[in-house]
Each structure stands twice: as structure tokens, then as C-alpha cells.
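Derivation of every value follows stated rules applied to the coordinates shown; laboratory data play no part. What you see is a predicted model; the values in this text were computed from it and never measured. For neighbour counting, all protein chains shown are included, and Cβ atoms are generated from backbone atoms with ideal geometry for every residue, glycine included.
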Amino acid sequence: MKVLATSPFEHSGDKTIVTKLIGWSFVTMFLLGIFAEFVVRTRLIIWHDPVLTYTTIQQSLPLFTSGIFAFIFIILLDMLLSIAFYVLLHSQSKPVALLMASLRLVYVAIKGFAIVGLFLAKDIYSSSMHTNRDQIHLAANQAMQFLKLHQYGFAVGLIFFGLHLMFLARLLFTIPVIPKVLSWLLLLAGIGYSLNSLVSLFATNLELLKNSIIAIFILPMTLAELLVGLYLWLKAKKVILLLK
């Protein structure tokens, strides 16, 4: 008698857990992202003034360190989401689901490499060896370069992240119970992330174009994943019933 092998996630109960896990991860990542980006980076880093950044971060080193840990936890959740989304959606279209998950993993790998810049900068900011003015200026400029390494690496990663969101939206469009407005928001967010990163990396002098992209796409870029996460968290059983 032949026994058919089954995936450990074939049962609807298991997929319900995966769906809720995706929803919880989205919400958690949103909150951690707000903290890491706006409470830590925006508050501590003054891009045009390395010395002021040096002084500010030295005075708030525990806050800067907590921001690094927030980014690490977000990376771990991104890895989890890549696998969870494939498990949940591969029945809709295996090639598209594989491409979608792979693009997020590429984003995670680039972001994981880029975070090294934050650790290197932290080493400089936590050092007490820089005592005279020339040493402080040299250390401040070196640390700023490491911060920019993280910034540019993150921007490169967001190109792949935007593509991931586009293919994720494509899969969500095939699930009738998920409101089309959420899928459209994800699609627009993906376009916004990719375009904004490309302009930031290759057209640094075109501030008007960059600001226009942000103005057009800021709403989906800010809310799309959070709203999808909340919907999947609250409507997990309903979503599972309509998966192929």
C-alpha cells in the first residue's frame, strides 16, 4: 500500500497558524520599523554634519544600539515571512510564490550585509580614544561613511523588496476574500519602494522627482503591509478556506 507524502502545512489548521503568524509579524515589524527609523535614525543622524552626529550618538549610545537590535529583529522576521508566504501561497501559483519569496530573501541578505555598517559606526562612537579636535573630525567622518554604507545597502535592498511586494500583490489578487484595495495598496507600495530607491541611488540631484515619488506613494508605502498584516491576523480562517 502506497502512502502519499504530505506537507506539514497541508492542513487548514496549520495554515491558519501560518496566516496569523504572518499578520503578527507584519504588525510587529511596523512598530519596530517606526522605532528604528524615526525614534533612532532620524533623531540621531544628521547626514550633513558628521561631527554633530558623532556627538549626538555618543550621548545616546544605548538608544543607537537599541536601534541596531530592532533592525536585527526585523531581519529575522523578514526571513520568517519569506518562508511563511511561500507556504501559504504556493498553491495559488508555485513559480510566482517561489519568485516572490526569493526576492524577499535577496532583500534580507542585502539588508543583513548593510547592517554591518551600523556595527562599525557603533565601534567608533563607543570609543573613548578620540580626544582632540582633529581626531574627532576624522572619527566622525569615518563613522558617517559606515552609516552611509548601511543607508545605500538598505536602498539597494528596497529595490528587491519592492519587486517582492508586486509579486505578493499578484498572488493576493487571486484570493477573493482579500479586499482588492489591499492588493492594490501592496502593488503601489512595491512600485513606490523600487522607484524611490532607484532615484535615491542614481539620481541624487533630482530632489523634485524624489519628493514627488514620496508624495504619490507615501500612503501605500506606509500602510500597505500593516493593513494586510492586520487583515490576515484577524481573518486567518476566512482566508484559508478560499485558498486553492
Exercise. In nm, to one decimal, how far is the modelled label at residue 203 from the one at residue 69, with both set 7 Å along Cα→Cβ?
Worked result: 4.1 nm
Problem set entry | Modelled FRET efficiency - R0 30 Å, residue 48 with residue 109, Cβ distances, 0.05 increments | 0.50
Problem set entry | Kirkwood hydrodynamic radius over Cα pairs of segment 35-85, then Stokes diffusion coefficient at 20 °C and 1.002 mPa s, in µm²/s | 179 µm²/s
Problem set entry | Selected from 85, 118, 38, residue furthest toward positive end of dipole (segment 12-241; charges at beta carbon) | 85
For this session: Report relative contact order for the chain in percent, whole number only (criteria: Cα-Cα under 8 Å, sequence separation at least 6).
Result: 26 percent
Exercise. Relative to the first principal axis of the alpha-carbon coordinates of the chain, what is the inclination of helix 61-89, with its axis defined by its Cα atoms, in degrees from 0 to 90 and to the nearest 10?
Worked result: 20 degrees
Problem set entry | Rule-of-thumb Rg ratio for the chain [Cα; 2.2 N^0.38 Å; N residues] | 1.16
